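Comments concern the structure below.
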Amino acid sequence: MGSYVIDASVFVKWVMGDREEPDQEKATGLLTSWAEGKDDLWAPTLWEYEVANFLGRELAPEAKSKMEILRKLGIRGIALTDAMIERCFLWMKAKNVSFYDAAYLAAAHEVGAVLVTADEKFVRKMDSHEPMITLKDLSI
């Protein structure tokens, strides 16, 4: 059983429908694995804001219904802690990443999980020993 923190990029892939979306099949496989009780999924509560922003901009007519679908899944949320804030500020300075992106990795540290993201640029910026994997490299 795997324990994963997922970022906004993974949530978005779940609701893109029939659009050509890279690694959508991998994202769906992760969701299926979680639904079958094979894996644990977590996300910092930030995901709702990021995903809603994307949906509202890119899929406005469907944004509300797609957010309802995602929220009803009940992915366990991770509230921001002092330790997470400290890590995020450190990475912002050392790695030139946003607090938002760093928060997902900090959440993975917080719950002892692996971050799954489609954001390859973020993964390249971080150290290879960090608990993270790109969605395209994930084996489910």
> In the stretch 25-47, how many are modelled with pLDDT under 95 and farther than 17 Å from THR134 by Cα?
Replying inline: 0
> So which residues in the stretch 103-120 are surrounded by fewer than 22 Cβ atoms within 10 Å (Cβ to Cβ) and farther than 16 Å from LEU135 by Cβ?
Replying inline: HIS109, GLU110, VAL111, GLY112
> From the set of residues in the stretch 32-45 that are among the aliphatic types (A, V, I, L, M) and crowded, with 20+ Cβ neighbours inside 10 Å, which is nearest to ILE78 (Cα to Cα)?
Replying inline: ALA43
> What number of residues within the stretch 99-140 are more than 17 Å from GLU86 (Cβ to Cβ) and among the aromatic types (Phe, Trp, Tyr)?
Replying inline: 1
> Pick from LYS13, LYS93: which is surrounded by fewer than 20 Cβ atoms within 10 Å (Cβ to Cβ), out of contact with any His (no Cβ under 8 Å at 6 or more places or on another chain) and assigned to a helix (DSSP H, G or I)?
Replying inline: LYS93
> Which residue, of GLU58, GLU50, is modelled with pLDDT under 95 and touching a helix residue (DSSP H, G or I) at 6+ places or on another chain (Cβ under 9 Å)?
Replying inline: GLU58
> What pairs can you find where one residue is in the stretch 115-140 and in contact (Cβ under 8 Å) with a residue 24 or more places away in the chain and closer than 13 Å to TRP91 by Cβ, the other is hydroxyl-bearing (Ser, Thr, Tyr) and not in a helix (DSSP H, G or I), and their Cβ atoms are less than 7 Å apart, with a gap of 6+ or different chains?
Replying inline: MET132/THR117
> Residues of the stretch 35-69 being under 15 Å from the mean Cα position of the chain (by Cα), hydroxyl-bearing (Ser, Thr, Tyr) and part of a helix (DSSP H, G or I), which ones?
Replying inline: TYR49
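The values are calculated or read from the model by the stated rules, or taken from the named source; none is laboratory data. All figures in this text were calculated on a predicted structure; none of them were measured in a lab. Counting neighbours? That spans all protein chains shown, and the Cβs are built from the backbone with ideal geometry, glycine included.
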